[in-house]
Amino acid sequence: MNNKPVFYDTDCLSSFLVVGRIDLLKKEFSSIIVSAQVNIEFLNDKTPKCIYERFSNLVDEGFVIVKDIDVDDEVMEYYITFITEDDDGGKGELSSIAFAIVNNGILASNNFRDICKYVKKYNLCHITTATILLDCFKKEYVSSDEVEKIWQDMLKKHVKLPKKSFIEYYKWDDPLCS
């Protein structure tokens, strides 16, 4: 289990919610944190019912912790700077980045286009859906057949993964944000 706080963006957490495999995150982390901006993204009218309900249940049971940005907090300073300077980044991603920087945490996001410049600039620890699945496989939380099935289920649900199969990913040296 990891001791650093993990700040999830919508895309990474959604990938586990959409296939109903939050159990893997619970094996890896004692809790995960989402910003109020990510919370809003999950709790809007466009969110599929199963994701909305699964997310809400995780908040209710305390596994997902929702953090708001305090007005006079250092997180707010980063967030305002990012929102002002970045035309492409979403509020959820940028708030997650700001929290990860200030709290020396881990950023969980699949959206390389929006986050890599921050990961590099602030030397952030970064994980993705694919790296979490790989870690779960290495720790034997899932078998090779099971992780491949999860991978394929995610692809069917339009989760963006870097390879067409888990075995391809396993053999690949994932560059992440390098």
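The values are calculated or read from the model by the stated rules, or taken from the named source; none is laboratory data. If you're wondering where the values come from, they're calculated on a predicted model, not measured in any experiment. With ideal geometry, Cβ positions are generated from the backbone for all residues, glycine too; neighbour counts draw on all protein chains shown. Heavy atoms of the whole protein, side chains included, go into the accessibility calculation; ligands, DNA and RNA do not. Shrake-Rupley method; radii C 1.70, N 1.55, O 1.52, S 1.80 Å.
How about the range 3-41: which of its residues are within 19 Å of Lys91 (Cα to Cα) and open to solvent by 30 Å² or more (accessible area, probe 1.4 Å)?
Across the range 3-41, the qualifying residues are Asp11, Gln37, Asn39, Ile40, Glu41.
Write out, first by first residue and then by second, each pair whose Cβ atoms fall under 8 Å of each other, whose residues are 6+ apart or on separate chains, and whose first residue, in the range 145-168, is under 13 Å from Asn110 (Cβ atoms) and open to solvent by less than 60 Å² (accessible area, probe 1.4 Å) while the second is β-branched (Val, Ile, Thr) and not in a loop (DSSP other than H, G, I, E, B).
Met154/Val18; Met154/Thr129; Val159/Val18; Val159/Thr129; Leu161/Thr129
Do we have Ile115 as hydrophobic (A, V, I, L, M, F, W, C) and modelled with pLDDT under 90 here?
Working: hydrophobic (A, V, I, L, M, F, W, C): yes; modelled with pLDDT under 90: yes.
Criteria met by Ile115.
Among the candidates Ile65, Ile83, Ile106, single out the residue that is open to solvent by less than 20 Å² (accessible area, probe 1.4 Å) and at negative phi.
Details: Ile65 fails: open to solvent by less than 20 Å² (accessible area, probe 1.4 Å); Ile83 fails: open to solvent by less than 20 Å² (accessible area, probe 1.4 Å).
Ile106 is the lone residue from the list that is open to solvent by less than 20 Å² (accessible area, probe 1.4 Å) and at negative phi.
Within the range 114-132, restricting attention to residues that are touching a residue at least 60 places away in the same chain (Cβ under 8 Å) and open to solvent by 20 Å² or more (accessible area, probe 1.4 Å), which residue is nearest to Tyr170 (Cα to Cα)?
Quick first cut of the range 114-132, residues touching a residue at least 60 places away in the same chain (Cβ under 8 Å) only: 115-116, 125, 127-129, 132.
Restricting the remaining residues to those that are open to solvent by 20 Å² or more (accessible area, probe 1.4 Å) gives 116, 125, 127.
On the way: Cys116: 22, Cys125: 20, Ile127: 15 Å.
Out of the qualifying residues, it is Ile127.
Would you be able to tell me the number of residues in the range 77-99 that are farther than 20 Å from Ile32 by Cα and part of a helix (DSSP H, G or I)? Write out each step before concluding.
First pass over the range 77-99, keeping only residues farther than 20 Å from Ile32 by Cα: 77-78, 80-89.
Still in the running and part of a helix (DSSP H, G or I): 77-78, 80-85.
Of the residues in the range 77-99, 8 are farther than 20 Å from Ile32 by Cα and part of a helix (DSSP H, G or I).
Is one or more of the residues making up the range 130-148 modelled with pLDDT of 90 or more and closer than 24 Å to Leu43 by Cβ?
Step one: list which residues in the range 130-148 are modelled with pLDDT of 90 or more, which gives 130-148.
Going one step further and asking which of them are closer than 24 Å to Leu43 by Cβ, we end up with 132.
Among the residues of the range 130-148, at least one is modelled with pLDDT of 90 or more and closer than 24 Å to Leu43 by Cβ, which makes the answer yes.
Would you confirm whether any residue within the range 160-172 is closer than 30 Å to Val75 by Cα and of a type in the set (S, T, N, Q)? Steps first, answer last, please.
Step one: list which residues in the range 160-172 are closer than 30 Å to Val75 by Cα, which gives 160-161.
When the remaining residues are screened for being of a type in the set (S, T, N, Q), the result is none.
Within the range 160-172, none of the residues are closer than 30 Å to Val75 by Cα and of a type in the set (S, T, N, Q).
Does Asp135 qualify as being open to solvent by 30 Å² or more (accessible area, probe 1.4 Å), in a helix (DSSP H, G or I), touching a residue at least 40 places away in the same chain (Cβ under 8 Å) and not hydrophobic (A, V, I, L, M, F, W, C)?
Working: open to solvent by 30 Å² or more (accessible area, probe 1.4 Å): yes; in a helix (DSSP H, G or I): yes; touching a residue at least 40 places away in the same chain (Cβ under 8 Å): yes; not hydrophobic (A, V, I, L, M, F, W, C): yes.
In short, yes.
What tally of residues in the range 1-54 results from selecting those that are at positive phi and among the basic types (Lys, Arg)?
0
Restricted to the range 81-133, and to residues that are out of contact with any helix residue (DSSP H, G or I) (no Cβ under 9 Å at 6 or more places or on another chain) and basic (Lys, Arg), which residue is farthest from Leu176 (Cα to Cα)?
Lys121
Among the candidates Glu53, Glu61, single out the residue that is free of Cβ contacts under 8 Å to residues at least 12 places away in the same chain, of a type outside the set (S, T, N, Q) and over 25 Å from Leu161 (Cβ atoms). Walk me through how you get there before you give the answer.
Numbers: Glu53 fails: over 25 Å from Leu161 (Cβ atoms).
It is Glu61.
For the structure I just gave you, tell me whether Asn111 is open to solvent by 10 Å² or more (accessible area, probe 1.4 Å), polar (S, T, N, Q) and farther than 20 Å from Leu25 by Cα.
Numbers: open to solvent by 10 Å² or more (accessible area, probe 1.4 Å): yes; polar (S, T, N, Q): yes; farther than 20 Å from Leu25 by Cα: no.
No, not satisfied.
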